[in-house]
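Enquirer: Mind having a look at this structure? Questions to follow.
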Amino acid sequence: MTTISERLMPVQSSVTKRSWRWMRDNLFSTPLNTLISLVCIYIIWNVVGGLISWAIVNASFIPGKDACAEITGACWGYVHANWRFLMFGTFPPAEYWRPFVAIMMLTGGMLLTMNRTFWTKWLPVVWIIGFIAVYYILAGGVFGLTPVRTGLWGGLTLTLVLAVVGIAFAAPLALILALGRRSEMPLVKVICVVFIEVFRGVPLISVLFMASVMFPLFLPTGVSVDVLLRAQVGIIVFQAAYLAEVFRGGMQAIPSGQYEAADSLGLTYWQKMGKIILPQALRLVIPPTMSTFISLFKDTSLVVIIGLFDLLAATRAAVNNPEWRPHYIEGYVFIALIYFCFCFFMSRYSLYLDRSLKKATSH
Amino acid sequence: MSPKHSNKSDVHPVIKLLYDKTFRSIMYQVLVFGGVFLLGWYLVSNTMANLERQNIATGFGFLEREAAFGISESLIHYTPESNYGRALLVGITNTLKVSATGVILATILGTFIGIMTVSKNWLLRFIGLGYIETFRNIPILLQLIFWYAVINRGLPGVRDALSPLPNVFLSNRGLYLPVMADHPAWSWVGIGFIVGIIGAFLLRKWSLKRLEATGQIFPHLSVGIAVIFAVPFLVWLLFGAPTAMNAPSLQGFNMRGGIRMTPEFTALLLGLTLYTTTYIAEVVRSGILSVSRGQTEAATSLGLRYSWVMRLIILPQALRVIIPPMTNQYLNLTKNSSLAVAIGYPDLVSISNTTMNQTGQAVEAVAIFMTVYLSISLSISYFMNWYNKRMALVER
């Protein structure tokens, strides 16, 4: 019905007329549809209207807490008072420029990596150098920077470090696991299957507990590993297990003719995988790969349970401060927005990448 | 033969062996397995040495000892005098309680929203997609902490409890719901319900058999549903149709009667449901979209009624796509319920955490809850493989 009326529509009809027609066809075509539309409008009006009046119309944007005494909406003075704490956590205030540089380097590096012109064999090298630089900028101890122990790293800085390092190391580990699971060597296959299934079968929190409580027992006396590093490794192995299954799915979707053709050309295993199978397989699984990365980003918030001071922990501390205690909703909504922006951006990028690669490969 | 080739057979046998494919494969495997084995042995021996040095007991003997801590809510009988084994059992039942409730609610809400996102009505689609985008891009832990804070700090005290529906009260002590008053009839109604389901199943079997033998159609679905509800209803009537309700009411400083959902349980259930719903909605949406339009048109042109088209053509194909990722989401919900430890709901992980703080036996405590989760996951994935094999398209 819609298509017919659209086809009959005169080209020169005005915008209002066209939007009327669109509304009649899509929203008010039958009595039931009209009723549904009206209910929807009522719900949207209430929710969106309520949000706008809370967050903008009735809100106070003046710094300081006293401005919020009279208002009914949000008190955004909270953000003004706490944003440094949320960004940098318990980092020594005199050294705030260091986590700031680290945040800039990590987000900048991510944005540059998203550009396909930088996808060369040098990219991993640049990233490893970048990670070493970020580590020394935060930890100090070189070039006259004051040493700052990892226990003081916090806020968005810590969340980004955990997420970006996690993604950078989970992906190669997942690739090795996926290749191992597809391997023809039974012992290698068994080890990879057990590793993947165990980590996929337990909640992340148990892996983090293992890293924080049990791992010190695994090491010989006198050797200790930093708790941040332990949590980071826990996140990496956990997400690598999920990612390995995503990659395996991609490899299974490649028709066996591709494998046979590569073999008949006399390519070695690594040539076959690296030049024929993986470039096709990984392209197929871009959307699930990206959603694993998004999960990893969201799951970094779990480190709050083992006592690391990430963005969520910083917010929890900020809203438990007696001064801002009544404004806990603003606190949680604000970081929800931060997480939302990162995750939404990643999911949009995944759509874009998927589409542009499909366009690039279709003839 | 060229001289080059004849040279090849002269190479040293060790080198030749190194280039042998089978030998190399075995060598790699021995190396990898040996490496993993040595690493494991190293870690285990370190652990044993450390435990001995720190005088931490090993083994599961602590399960028999008195737990000496209280648990705020429990489905089975528990007192601080009970032993650790029972405390962990309380944790397991609490995990299962919140997961099972969450799975049911998330499935209903998720199906509803999934259907909304494929609607022809633009506004309905907008609401569905807006919901999905908002709630799936915010970490579940943040949502849990948020809902817990709202219930704890935002809701009024029990004396000014909100009452969104009659006899339903919402306060910072949790959610109070009315239930039917105790009566022997109710357990018999439950049994009647199960009998009804068995009856409907037998009816379906009989009607399909008759259909194949005689070609006569018996409306087994509608009659079956009627049987499922009629049997417990008749049982209820037989017992004199008790309607007494046990409704919560304010007495003194507290609510009496009804059932109480603690703030921790309510926040956890709300967070898990709202979060998992977004994933289930996506699963339902992709399932519906996976059945091509031609299927509906072809079935309609064969003269099938709309309900038959749905039941015989669309749903079986959509369910094949929907069910595997759906079970995955159920598993995720169960695993995410372990985040209860952050808001103090006594689930398996949070009780294990208390246990390991009190006894110091971290290895055993973590091993117990990992085993429980692992066995839930593996049994569900085993069932999934069986189901997939059964449902797989048989292609010629």
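Enquirer: Among the residues of segment A:307-314, is there at least one that is part of a helix (DSSP H, G or I) and within 17 Å of the chain's Cα centre (by Cα)?
Expert: yes
Enquirer: Go through (1) surrounded by fewer than 24 Cβ atoms within 10 Å (Cβ to Cβ); (2) closer than 13 Å to A:ALA240 by Cα one by one and return the number of the condition A:ALA174 breaks.
Expert: Only one criterion is unmet by A:ALA174, namely (1).
Enquirer: Right, here's the next one. Within the set of pairs 6 or more residues apart or between chains, which connect a residue that is more than 7 Å from every other protein chain (Cβ to nearest Cβ) inside segment A:18-43 to a residue that is crowded, with 16+ Cβ neighbours inside 10 Å and part of a helix (DSSP H, G or I) with Cβ atoms less than 8 Å apart?
Expert: Correct list of pairs: A:PHE28/A:SER37.
Enquirer: Report the residue count in segment B:137-159 for those that are outside any helix (DSSP H, G or I), among the polar types (S, T, N, Q) and surrounded by fewer than 19 Cβ atoms within 10 Å (Cβ to Cβ).
Expert: Within segment B:137-159, residues that are outside any helix (DSSP H, G or I), among the polar types (S, T, N, Q) and surrounded by fewer than 19 Cβ atoms within 10 Å (Cβ to Cβ) number 0.
Enquirer: Can you tell me which residue within segment B:368-385, out of those that are at the interface with chain A (Cβ under 9 Å from one of its Cβ atoms), small (Gly, Ala, Ser) and over 18 Å from B:VAL321 (Cα atoms), is surrounded by the fewest Cβ atoms within 10 Å (Cβ to Cβ)?
Expert: B:SER375
Enquirer: For segment B:125-139, which residues satisfy the criterion of being of a type in the set (A, V, I, L, M), under 21 Å from the mean Cα position of the chain (by Cα) and at the interface with chain A (Cβ under 10 Å from one of its Cβ atoms)?
Expert: B:ILE138
Enquirer: Looking only at segment B:132-167, count how many residues are at pLDDT below 90 and hydroxyl-bearing (Ser, Thr, Tyr).
Expert: Residues in segment B:132-167 being at pLDDT below 90 and hydroxyl-bearing (Ser, Thr, Tyr): 1 in total.
Enquirer: Looking at segment B:263-319 only, could you name the residues that are charged (D, E, K, R) and not in a helix (DSSP H, G or I)?
Expert: B:ARG305
Enquirer: A further question follows. If you check every pair at least six apart or on different chains, which have Cβ atoms under 6 Å apart with a residue in segment A:332-348 that is facing chain B (nearest Cβ under 7 Å) first and a residue that is exposed (fewer than 15 other Cβ atoms within 10 Å of the Cβ) and polar (S, T, N, Q) second?
Expert: Here the result reads none, with nothing in segment A:332-348 linked to a residue that is exposed (fewer than 15 other Cβ atoms within 10 Å of the Cβ) and polar (S, T, N, Q).
Enquirer: Right, something else. Kindly indicate which of B:GLY271, B:GLY344 is among the small types (Gly, Ala, Ser), touching a residue at least 60 places away in the same chain (Cβ under 8 Å) and closer than 21 Å to B:ALA106 by Cα.
Expert: Going through B:GLY271, B:GLY344 in turn, just one is among the small types (Gly, Ala, Ser), touching a residue at least 60 places away in the same chain (Cβ under 8 Å) and closer than 21 Å to B:ALA106 by Cα: B:GLY271.
Enquirer: Can you tell me which residues in segment B:61-100 are touching a helix residue (DSSP H, G or I) at 6+ places or on another chain (Cβ under 6 Å), outside any loop (DSSP other than H, G, I, E, B) and within 20 Å of B:LEU269 (Cβ to Cβ)?
Expert: Matches in segment B:61-100: B:GLY91, B:ILE92, B:THR95, B:VAL98, B:SER99.
Enquirer: Looking at A:ALA281, A:ALA336, which is the one that is over 24 Å from A:ALA174 (Cβ atoms), touching a helix residue (DSSP H, G or I) at 6+ places or on another chain (Cβ under 9 Å) and either not in a helix (DSSP H, G or I) or not basic (Lys, Arg) (or both)?
Expert: A:ALA336
Enquirer: While we're on this one: Which of the following residues is of a type in the set (Val, Ile, Thr) and surrounded by fewer than 18 Cβ atoms within 10 Å (Cβ to Cβ): A:VAL246, A:VAL188, A:VAL233, A:VAL207?
Expert: A:VAL233
Enquirer: Give segment A:60-79 a look and list any residue that's farther than 18 Å from A:TYR332 by Cβ and among the charged types (D, E, K, R), or say none.
Expert: A:ASP66, A:GLU70 - these are the residues of segment A:60-79 that are farther than 18 Å from A:TYR332 by Cβ and among the charged types (D, E, K, R).
Enquirer: I've got another one for you. Answer yes or no: is there a residue in segment B:386-393 that is in a helix (DSSP H, G or I) and either within 9 Å of chain A (Cβ to nearest Cβ) or at pLDDT 85 or above (or both).
Expert: No, that holds for no residue.
Enquirer: Is it the case, given these coordinates, that B:GLY85 is within 28 Å of the chain's Cα centre (by Cα), at negative phi and touching a residue at least 24 places away in the same chain (Cβ under 8 Å)?
Expert: In short, no.
Enquirer: Specify the residue that is surrounded by the fewest Cβ atoms within 10 Å (Cβ to Cβ); the eligible residues are those in segment B:297-342 that are hydroxyl-bearing (Ser, Thr, Tyr) and at pLDDT 85 or above.
Expert: Residue satisfying both the conditions and the ranking: B:SER301.
Enquirer: Could you pull out the residue among A:GLU330, A:GLU323 that is more than 15 Å from the chain's Cα centre (by Cα) and outside any helix (DSSP H, G or I)?
Expert: A:GLU323
Enquirer: Further, regarding this structure: Checking the conditions here, which among B:LEU175, B:LEU129, B:LEU162 is more than 30 Å from B:LEU315 (Cα to Cα), among the aliphatic types (A, V, I, L, M) and surrounded by fewer than 19 Cβ atoms within 10 Å (Cβ to Cβ)?
Expert: B:LEU162
For (1) farther than 28 Å from B:LEU141 by Cβ; (2) away from chain B (no Cβ under 12 Å); (3) among the hydrophobic types (A, V, I, L, M, F, W, C), each residue gets a yes or a no:
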site: A:CYS192; (1), (2), (3): yes, no, yes
site: A:VAL198; (1), (2), (3): no, no, yes
site: A:ILE205; (1), (2), (3): no, no, yes
site: A:PRO220; (1), (2), (3): yes, no, no
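Enquirer: Return the residues of segment B:57-101 that are within 14 Å of chain A (Cβ to nearest Cβ), of a type in the set (A, V, I, L, M, F, W, C) and surrounded by fewer than 16 Cβ atoms within 10 Å (Cβ to Cβ); say none if nothing qualifies.
Expert: Within segment B:57-101, B:ALA57 is the sole residue that qualifies.
Enquirer: While we're here: Please state which of the following conditions A:MET290 fails to meet, knowing it meets all the rest: (1) surrounded by fewer than 19 Cβ atoms within 10 Å (Cβ to Cβ); (2) within 13 Å of the chain's Cα centre (by Cα).
Expert: (1)
Enquirer: OK, next. Out of segment B:148-186, which residues are more than 14 Å from chain A (Cβ to nearest Cβ), among the hydrophobic types (A, V, I, L, M, F, W, C) and out of contact with any helix residue (DSSP H, G or I) (no Cβ under 7 Å at 6 or more places or on another chain)?
Expert: Residues satisfying the conditions are B:VAL158, B:ALA161, B:LEU162, B:LEU165, B:VAL168, B:PHE169, B:LEU170, B:LEU177, B:VAL179, B:ALA181, B:TRP186.
Enquirer: If you don't mind, another one. Determine whether segment A:243-259 contains at least one residue that is under 17 Å from the mean Cα position of the chain (by Cα) and part of a helix (DSSP H, G or I).
Expert: yes
Enquirer: Name every residue in segment A:1-51 that is over 15 Å from B:ASN121 (Cα atoms), surrounded by fewer than 11 Cβ atoms within 10 Å (Cβ to Cβ), modelled with pLDDT of 75 or more and among the hydrophobic types (A, V, I, L, M, F, W, C), in order of residue number.
Expert: Once the filter is applied, which keeps residues that are over 15 Å from B:ASN121 (Cα atoms), surrounded by fewer than 11 Cβ atoms within 10 Å (Cβ to Cβ), modelled with pLDDT of 75 or more and among the hydrophobic types (A, V, I, L, M, F, W, C), segment A:1-51 yields A:VAL15, A:TRP45.
Enquirer: Quick test for you: out of A:LEU351, A:LEU302, A:LEU311, A:LEU357, pick the one residue that is hydrophobic (A, V, I, L, M, F, W, C), loosely packed, with under 15 Cβ neighbours inside 10 Å and in contact (Cβ under 8 Å) with a residue 60 or more places away in the chain.
Expert: A:LEU351 is the lone residue from the list that is hydrophobic (A, V, I, L, M, F, W, C), loosely packed, with under 15 Cβ neighbours inside 10 Å and in contact (Cβ under 8 Å) with a residue 60 or more places away in the chain.
Enquirer: Within 14 Å of chain B (Cβ to nearest Cβ), modelled with pLDDT of 85 or more and over 23 Å from the mean Cα position of the chain (by Cα), is that true of A:TRP270?
Expert: Answer is yes for this residue.
Enquirer: Can I ask one more? Here are the criteria: (1) buried (at least 22 other Cβ atoms within 10 Å of the Cβ); (2) assigned to a helix (DSSP H, G or I). Tell me which single one B:PRO346 does not satisfy.
Expert: Looking at each condition in turn, B:PRO346 falls short on (2).
Enquirer: Is one or more of the residues making up segment A:100-123 over 26 Å from A:MET290 (Cβ atoms), under 28 Å from the mean Cα position of the chain (by Cα) and among the β-branched types (Val, Ile, Thr)?
Expert: yes
The values are calculated or read from the model by the stated rules, or taken from the named source; none is laboratory data. What you see is a predicted model; the values in this text were computed from it and never measured. Cβ atoms come from the backbone with ideal geometry, glycine included; neighbour counts cover every protein chain shown.
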